[in-house]
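The values are calculated or read from the model by the stated rules, or taken from the named source; none is laboratory data. Every value quoted in this text rests on a predicted model; they were computed, and no experiment measured them. Cβ atoms come from the backbone with ideal geometry, glycine included; neighbour counts cover every protein chain shown. These accessible areas exclude ligands, DNA and RNA; they are computed on the full protein's heavy atoms, side chains included. Shrake-Rupley method; radii C 1.70, N 1.55, O 1.52, S 1.80 Å.
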Amino acid sequence: MTAVPSPPTAPKASADPATPAEGPQPDPAVPADLRPLAKGTLGRRLVLRVAVLVALVAVGLSAVVALAAYNIQIAQVDTRLDQAAFRATRDGPGTDGPGPGGQEIGTIIAVQTSSAIYAQILVDRTTNDRVQYLTLTDAAAQQLAALELESGTKSTIQIADYGVYRVTVKEGSNSRVIVALPLNQLASAMTSLVLFEALLAGVVIVVAVFATRSVVVSSLAPLNRLAGTATTVSNLPLESGEVEGIVRVPLSDTDPVSEVGRVGLAFNHMLDNVEGALAARHASEVKLRQFVADASHELRNPLAAIRGYAELTRRERAEVSEPMAHALTRIESESDRMSRLVEDLLLLARLDSGPALEVKRTDLTEIVLNATSDARAAGPDHKWSLALPDEPVWAMADRYRMHQVLANLLANARTHTPPGTEVQTAVTVEDGMAVLTVTDNGPGIAADLQPAVFERFTRADTSRVRRQGGSSTGLGLAIVAAVVTAHSGTAGVESVPGRTVFTVRIPAAPGD
Ligand SMILES: Nc1ncnc2c1ncn2[C@@H]1O[C@H](COP(=O)(O)OP(=O)(O)OP(=O)(O)O)[C@@H](O)[C@H]1O
Ligand SMILES: [Mg+2]
């Protein structure tokens, strides 16, 4: 259905009486998708990325620190191991120091010959407050016997039954000495270090997330306000031309030092530009309308005079030559047509500059009755019928203009359809709207003409009236649309060959 919409309602922003003097402010209800950390927002992505980055840096740093600490510790153990190996090969067990041979508690010393291995561990016997060497278990001794290590080098190994050890080998002429120091202290120190680092990394990540969050939220707040302003502006009915006080980005968000401020500033400049262009366009439209209204008004008097003089010549027409009489008749009919055209243009110009209506509580059924009776008189060749409810249908309407709407629709049904066409006029109330329909079973309106049928000067080239030399201007439906729109209503048409329905809806008024 082709329809003429009612005028857009005034924007909330400019209608709000609480609006401060410097102009309407952006709608504070920023949509959920504009919240700084909503799903998919730049803010959320920034916070997540910083969190991941901080986590990676924390893990990397922890690993480097742990590795460095481990290497330092191992270097110390290796020094002690060298000393232990030196003592073991120089003195043999039990000469000086805290343990036999000055060795540390836990030191393993093994002497391996081509046929056997003799392995011992220095232990602390707390029961009798003495230290002493104990023979290693067979499994451990066998493992040391099988150890493949170059003389003087060191390695970390797991010795069965005893744990993790740092081990070195000294090759003698017909034997080799294997010395090992326990690493259990180093392992527990490393475990504590790694646990501490993990805790520290967790704290750093949490602090980083919260700090980034607050920085991101405060940095993006102006951007969100800007988006809110853009949303408010995009909801304004700019197409109506008459737009005042377009919302601006607050001055605090237009500091050109910051990136967002620059966007805000550019946005405000753009809005200044748009507002200026709209104002200029509106002013020129107003001027043009005024010109059409003035011109139409000024044309009325000379036209009335021409019509009057043409009428005066009627009586004399029998006395003048036939071509002269024909010319006088044409002058009369064309001046009639031009008067109607001028009246229509004047009405449209007035309706364009604001609803020039005398609105009263009006019974539409009465208008339908009168207009149909006029149409019946004007088109006796058509079949006119009515479908009216028993009760009156009330609407706040300009009685004279609504009569004109119906008269235009009925005139179309009469002039653009062949004799014998059935035309039905109906009025009802639907969902609080008074609905007027004019239905005919004529040839219909061409599909390509339908979308523009309510526009000014739209006429079908094949129009019957024009073929018959009648006075069709193409303003009838434009007036229908303008009057109905001024009543905050809609007008539409549905047409196929054999059925054309014009529908007019205006708000109904409550009954008695
Ligand atoms: N009921 C109808 N059946 C067929 N065609 C129609 C009907 N009503 C309107 N039209 C088509 O729509 C065109 C526009 O109608 P509109 O009333 O605006 O102008 P008009 O009737 O040609 O001229 P005016 O009403 O100004 O004298 C018409 O020229 C005609 O082609
Ligand atoms: Mg018409």
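So the values come out like this:
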| read-out | value |
| --- | --- |
| The chain, accessible surface, carbon-and-sulfur percent (1.4 angstrom probe) | 59 percent |
| Region 491-497 - phi-based ³J(HN,Hα) in whole Hz, Karplus 6.51/-1.76/1.60, Gly and Pro as x | 10, x, 9, 10, 9, 9, x |
| Accessible area per residue in Å² at 1.4 Å probe, computed on the chain | 57 Å² |
| Which of Glu148, Glu430 is most accessible, then next, and so on - probe 1.4 Å | Glu148, Glu430 |
| Largest to smallest accessible area among Ser258, Ser214, Ser252 [probe 1.4 Å] | Ser252, Ser214, Ser258 |
| Theoretical ellipticity at 222 nm over the chain - DSSP helices of four or more residues, -39500 (n - 2.57) apiece, nearest 500 | -17000 deg cm²/dmol |
| Sparsely packed GluC sites (Glu not before Pro) within region 343-396, loop by DSSP, other Cβ within 10 Å at most 14 | Glu358 |
| C-alpha center-to-center spacing [region 370-427, region 179-216] in angstrom | 90 Å |
| Vicinal HN-Hα couplings computed from phi for region 502-510 (Karplus, 6.51 cos²θ - 1.76 cosθ + 1.60; Hz; Gly/Pro x) | 9, 10, 10, 10, 9, x, 7, 9, x |
| Estimated FRET transfer efficiency (Asn370, Ala221; beta-carbon r; R0 51 Å; 0.05) | 0.20 |
| Computed E for Glu322/Phe457 - FRET, C-beta separation, R0 25 angstrom, nearest 0.05 | 0.15 |
| Cα shape, the chain, gyration tensor, a/c 1.5 rule | prolate |
| Contour excess over end-to-end distance, with Cα ends at Ala38 and Ala295 and 0.36 nm allotted per residue | 86.6 nm |
| Rounded to whole Hz, the Karplus (6.51, -1.76, 1.60) HN-Hα couplings of region 445-457, x for glycine and proline | 10, 3, 4, 6, 8, 4, x, 9, 5, 8, 7, 5, 6 |
| Helix runs (DSSP H) in the chain reaching 27 Å along axis by Cα, Kyte-Doolittle at least 0.5 | 42-90, 184-234 |
| Net lengthening on full extension, Ala211/Val123 (0.36 nm per residue, minus Cα-Cα) | 26.3 nm |
